[in-house]
Amino acid sequence: MGSIADNTGRIIEKVADACRDAGRDPSEVKILAAAKYTDRAGAAEILSAGIGIIGENRIQDALAKHCADEESGQVDIHEEFPGVNVHYIGHLQKNKINHALKLFDLIETIDTIKLAEALDKRLTERDRVMPVLLEVKLTSEDTKTGCSESDLEDLIGYIGENCPHLEVRGLMGMGPWDPDPETARPFYKKLRENFERIKNSTRSDKFDTVSMGMSADFHIAIQEGATLVRIGRALFI
């Protein structure tokens with residue numbers, strides 16, 4: 001097992017290589033470190049090694065890990081690492097929204113009108129605008145969540161008309177679990193096609209993110225147009 005810092009450096013190089021192999025500039029693709037496998041010290045190693053986005057999918061664990069705590073002397077991660085972005089990448093329950101707003105800079109998993117309404121209401125109370133991604137369900141797996149492709153335009157249209165405190169920045173999706181990375185290719189291609197269709201219809205410069213690809217298949221996602229890859233396991237092995 002390598003150190004987290006060494007693994008992070010290798011992942012940064014591999015993502016850059018995958019970009020160049022795909023004929024893309026490495027600056028076009030950002031890396032999110034999925035940090036559920038590590039503690040605050042591990043997250044600090046990742047950030048110090050050059051990744052600027054942390055992703056969490058358990059709200060209570062994330063709050064304990066990254067928010068200020070007077071008793072222990074822990075400072076908020078945004079204070080320790082100015083410029084860091086913390087994304088929520090798990091399924092957001094409406095009763096956890098207030099907790100989520102204590103830490104997260106962007107939520108990647110908006111998938112229903114009801115969730116969008118509930119989040120917008122809490123943001124309105126705080127006079128805050130939050131960037132979000134819409135999660136699209138790409139496979140039929142029961143374990144996956146997300147908006148169906150057929151409902152996607154209705155969701156983004158509703159948010160645009162009724163949720164002024166949500167800034168939709170793009171789409172997020174997960175490919176199928178399969179040992180062969182190539183299995184994910186048609187699903188990632190589909191997500192990019194949905195992204196391009198919506199971007200062309202909205203003509204928004206802020207709609208710029210396609211979050212797809214993980215440790216085993218990020219090179220496929222980059223070939224298919226990802227602008228954000230979510231790397232977890234490869235940072236800790």
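The values are calculated or read from the model by the stated rules, or taken from the named source; none is laboratory data. Model, not experiment: these values are computed from the prediction. Here the Cβ positions follow ideal geometry from the backbone for every residue, glycine too, while neighbour counts run over all protein chains shown. Side chains included, ligands, DNA and RNA excluded: accessible areas come from the protein's heavy atoms. Shrake-Rupley method; radii C 1.70, N 1.55, O 1.52, S 1.80 Å.
Fully extending the segment from Ser150 to Arg58, taken as 0.36 nm per residue of separation minus the present Cα-Cα distance, adds 30.3 nm. Here's the picture: a label point sits 7 Å out from the Cα of Ala41 along the beta-carbon direction, and within the range 71-100 the residues with their amide nitrogen under 17 Å of it are 72-75.
Between Lys94 and Arg10, the FRET efficiency from the beta-carbon distance, with R0 = 30 Å, is close to 0.15. Based on DSSP H runs of at least 4 residues, each adding -39500 (n - 2.57), what is the mean residue ellipticity at 222 nm of the chain after dividing by all its residues, to the nearest 500 deg cm²/dmol? After summing the helix terms and dividing by the residues of the chain, the value is -12000 deg cm²/dmol.
For the range 141-186, give the magnitude of the charge dipole about the Cα centre (Cβ charges: +1 Lys/Arg, -1 Asp/Glu; no others), in debye to the nearest 20. Walk me through the numbers before you get to the answer.
Numbers: 3 positive and 11 negative charges, 41 e Å.
Using only the charged Cβ atoms, the result is roughly 200 debye.
Based on Cβ point charges of +1 for Lys and Arg and -1 for Asp and Glu, what charge dipole magnitude is obtained for the range 8-99 about its Cα centre, in debye rounded to the nearest 20? Don't skip to the answer; put the middle values down first.
Details: 11 positive and 15 negative charges, 98 e Å.
Rounded to the nearest 20 debye, it is 460 debye.
Evaluated with a Cβ-only charge set (Lys, Arg +1; Asp, Glu -1), the chain carries a dipole of roughly 180 debye about its Cα centre, given to the nearest 20. Per-residue extension of 0.36 nm, minus the Cα-Cα distance of Val75 and Thr202, leaves a gain of 41.8 nm for this segment. Were the residues from Thr143 through Glu125 laid out at 0.36 nm apart, the gain over their Cα-Cα distance would be 3.2 nm. Each of Pro179, Ala5, Ser27 was scored by the projection of its Cα onto the charge dipole of the chain, and the greatest displacement toward the positive side belongs to Pro179; charges sit on the C-beta of Lys, Arg, Asp and Glu. Taking the chain as a Gaussian network, where each spring joins two C-alpha atoms under 10 Å apart, which residue of Asp151, Asp120, Asp142 fluctuates the most? Checking each option, the largest mean-square fluctuation is seen for Asp142.
Between the labelled values (1) 26, 25, 15; (2) 35, 22, 17; (3) 26, 23, 19, the entry that holds semi-axes √(5λ) of the Cα gyration tensor in Å as derived from this structure is (1).
Report in % the part of the accessible area of the chain that belongs to carbon and sulfur, leaving out ligands and nucleic acids; probe 1.4 Å. Please list the in-between numbers first.
Numbers: 5380 of 11400 Å².
Answer for the chain: carbon and sulfur cover 47 percent of the accessible area.
Considering only Ala22, Ala33, Ala184, the Gaussian network model of the chain with Cα springs below 10 Å gives its largest mean-square fluctuation to Ala22. Counting only DSSP beta bridges whose two residues both lie in the chain, roughly 5 percent are antiparallel.
Counting other Cβ atoms within 10 Å, keep those with at most 12, restrict to DSSP loop, and tell me which GluC sites (Glu not before Pro) in the range 24-100 are left.
On the way: sites: Glu28, Glu45, Glu56, Glu70, Glu71, Glu79, Glu80; in loops: Glu70, Glu71.
Passing both the DSSP loop test and the Cβ count: Glu70, Glu71.
Among Pro176, Pro186, Pro82, which one moves the most in a GNM of the chain with springs linking Cα atoms closer than 10 Å? Evaluated over the chain, the most mobile residue of the options is Pro82.
The range 158-228 and the range 63-125 have Cα centres spaced 21 Å apart.
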